[in-house]
Amino acid sequence: MGAAQASNRTDVVPLSYGSPASASFPYDALQQAASDAILTQGHAALQYSGADGPAVVRQWIAERSALRGIHVTPQEVLVTYGSGQAIDFACRAILEPGDHVWVEAPTFFGALNTFRTSEAVLASFPIDEQGLRVDLVEEALEHAVRENLPLPKLLYCIPNYHNPGGISLSVFRRKRLAELALAYDFFILEDDAYSELNFGAAYLPAIYSFAPQRTIYLGTFSKTIAPSIRLGWAIASQDTAVKLGSFFHGSRASAFTQQIIGNLLSSYSLETHIGQLISRYREQRDSMLKALDKHLQGAVEYAVPEGGFFVWLRFKEEVDTGELVKYASGHGVSFIEGQQFYLSPEDGKRYARLSFSYCEAEALELGIVRLAEAYQDYQAAQAAREV
Ligand SMILES: Cc1ncc(COP(=O)(O)O)c(C=O)c1O
C-alpha cells in the first residue's frame with residue numbers, strides 16, 4: 001500500500017488507500033440490523049447454518065443484477081467472503097498449474113497475486129480510454145491458433161471504473177470479448193467491484209450478459225456497505241456456481257453476517273445510500289482533479305474517472321514512481337507506484353495510482369500539494385545526478 005503506509009506515520013495523507021470513506025458507513029442502520037440479527041433472529045442466525053444462509057441477500061443480488069442485463073435466479077448467486085475469495089475459487093475451479101491467464105495491463109494486484117499462487121502462466125494486454133484493447137486480444141488468439149500455442153483458460157477483466165485505470169470498457173468491446181470467449185472457449189472473470197459507484201452514466205451491460213456460459217461475474221458489498229463485512233458474490237451458470245461453491249469446506253460465507261446484511265437490505269434503502277456515496281465520491285474526485293490541475297498542471301495526464309475510487313496518473317516526463325513514492329513519503333503523502341499493477345514492473349514506472357475515496361476534500365488537496373513538492377524534489381535530485 002505504498003511506503004508511507006508501511007511506515008505507519010499518522011501525518012501522511014493516504015492517497016494509497018483504496019478504501020471507502022469511513023464516514024460513509026451506514027452506522028445506525030447497521031447497528032439496528034445487527035441488533036435484530038442477535039435479539040430477534042439469534043436462535044437461527046447464531047447457529048451452525050450448513051446451508052447458504054438467508055435467501056434475502058442472494059435474492060437482492062439477483063434482482064439488482066438485472067440493471068446490468070444479468071438475469072439469474074438466487075441459485076446462480078454464490079455469496080463469498082468478499083470478491084477476493086471468489087477470484088480464488090474461480091482459479092481453483094478453472095485452472096491447473098501451467099494454464100494460461102490473460103489480464104489487463106495495468107490490473108488489480110490482488111488478483112495478480114492469486115493468479116500467481118495458482119501457478120498460472122500470465123500474459124497482459126494494454127488498456128486505453130475505452131478499456132481493454134480487445135482487438136489485441138483477438139490478434140493474440142488468432143496468432144496462438146496459427147502457431148499452435150496455448151490458448152488462455154481465463155481472462156480477467158475489470159470492466160467498470162477500473163482499478164487502477166479509472167476507465168470503463170466500451171459496450172462494443174464487451175460484446176466482442178464475449179464473442180471471443182465463446183469462439184475460443186475460455187472463461188472471462190468479470191470483476192465488477194465498482195459499478196455501483198457511477199458518477200453519471202447509466203449502468204452498462206455486464207460482459208456476463210453477452211456470454212453467461214463463459215463468464216464468472218463478481219460483485220462485492222465492500223465499496224457500498226463496508227469492506228470488513230466481507231461479503232461478495234459470484235454469478236455463474238449453475239454448474240460453474242456449484243463447482244465454485246465446492247471450495248467452501250464445511251460452512252459457507254457467514255450466515256450471521258448475511259443475516260445482518262439481509263436485515264439491512266430489507267429495512268433500509270441501499271439505493272438511497274448508494275446515491276449518497278456517488279455524490280460524496282464525485283465531489284472528492286472533483287477536488288482531487290482540481291488540485292491536480294492547479295499543482296501538477298503540465299506535469300501529468302489522466303483520464304477523468306466517471307466512477308469508482310481511482311485516478312491513474314501518467315507523468316509526461318520520464319520518472320520512476322517507485323523512487324518518487326519515497327520522496328512522497330518524506331513529504332507526507334502516499335500513493336501506489338505503477339509498477340505494482342503490471343506483470344513487467346518496468347511498464348509501470350511512469351504511473352501512479354491515487355485514490356480519492358478515503359480522504360475528504362481538504363486532505364486531498366493537501367496530498368496533491370505534497371505530491372507536487374515531492375515531484376519537484378525528485379526532479380531536482382535527478383537533475384543534480386545528471387550534472
Ligand atoms: C478490482 C477489485 N476486485 C476485488 C477487490 C476485493 O474486494 P473484496 O473486499 O470484495 O474482497 C478489490 C478491492 O480493492 C478490487 O479493487
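The values are calculated or read from the model by the stated rules, or taken from the named source; none is laboratory data. Quantities reported herein were computed from a predicted structural model and do not represent experimental measurements. Here Cβ is always computed from backbone atoms with ideal geometry, including for glycine, and neighbour counts include all displayed protein chains. The accessibility values were calculated without ligands, DNA or RNA, using every heavy atom of the protein model including side chains. Shrake-Rupley method; radii C 1.70, N 1.55, O 1.52, S 1.80 Å.
Looking only at the range 158-209, count how many residues are within 16 Å of the ligand (Cβ to nearest atom), among the polar types (S, T, N, Q) and in a helix (DSSP H, G or I).
Counting residues in the range 158-209 that are within 16 Å of the ligand (Cβ to nearest atom), among the polar types (S, T, N, Q) and in a helix (DSSP H, G or I) gives 0.
What residue, of GLY262, GLY219, GLY245, is within 15 Å of the ligand (Cβ to nearest atom) and open to solvent by less than 30 Å² (accessible area, probe 1.4 Å)? Lay out the reasoning, then the answer.
Details: GLY262 fails: within 15 Å of the ligand (Cβ to nearest atom); GLY245 fails: within 15 Å of the ligand (Cβ to nearest atom).
None of the other options fit; the residue is GLY219.
For VAL145, indicate whether it is modelled with pLDDT of 95 or more and either in a helix (DSSP H, G or I) or β-branched (Val, Ile, Thr) (or both). Before the answer, list the steps.
Details: modelled with pLDDT of 95 or more: yes; either in a helix (DSSP H, G or I) or β-branched (Val, Ile, Thr) (or both): yes.
Yes, satisfied.
Please work out if ILE261 is at pLDDT 95 or above, assigned by TED's automatic domain parsing to the domain that holds TYR48 and either in contact with a helix residue (DSSP H, G or I) (Cβ under 7 Å, 6 or more places away or on another chain) or not small (Gly, Ala, Ser) (or both). I'd like the intermediate steps shown before the answer.
On the way: at pLDDT 95 or above: yes; assigned by TED's automatic domain parsing to the domain that holds TYR48: yes; either in contact with a helix residue (DSSP H, G or I) (Cβ under 7 Å, 6 or more places away or on another chain) or not small (Gly, Ala, Ser) (or both): yes.
Against the criterion (at pLDDT 95 or above, assigned by TED's automatic domain parsing to the domain that holds TYR48 and either in contact with a helix residue (DSSP H, G or I) (Cβ under 7 Å, 6 or more places away or on another chain) or not small (Gly, Ala, Ser) (or both)), ILE261 qualifies.
Can you run down the residue pairs with Cβ atoms below 9 Å, 6 or more apart or on separate chains, where the first is in the range 65-93 and at positive phi and the partner is within 16 Å of the ligand (Cβ to nearest atom) and assigned to a helix (DSSP H, G or I)?
From the range 65-93, the pairs are GLY69/TYR208; GLY82/PRO227; GLY82/ILE229.
Quick one: which helices (runs of 4 or more DSSP H) sit completely within the range 28-122 and have at least 3 residues that are more than 19 Å from the chain's Cα centre (by Cα)? Reasoning before the result, please.
Working: elements: 42-45, 55-65, 82-94, 109-117.
By residue number, 42-45, 55-65, 82-94.
Condition first: open to solvent by less than 10 Å² (accessible area, probe 1.4 Å) and in a helix (DSSP H, G or I). Now tell me which residues in the range 131-142 satisfy that. So that I can check it myself, show each step before the final result.
In the first step, residues of the range 131-142 are kept if they are open to solvent by less than 10 Å² (accessible area, probe 1.4 Å); the result is 131-132, 134, 137, 141.
Result: VAL134, VAL137, LEU141.
Would you pick out the residues in the range 222-236 that are part of a loop (DSSP other than H, G, I, E, B), more than 8 Å from the ligand (Cβ to nearest atom) and small (Gly, Ala, Ser)?
Our first condition is that a residue be part of a loop (DSSP other than H, G, I, E, B); within the range 222-236, this holds for 222-226, 230-231, 236.
Next, only the ones that are more than 8 Å from the ligand (Cβ to nearest atom) stay: 224-226, 236.
Once the filter is applied, which keeps residues that are part of a loop (DSSP other than H, G, I, E, B), more than 8 Å from the ligand (Cβ to nearest atom) and small (Gly, Ala, Ser), the range 222-236 yields ALA226, ALA236.
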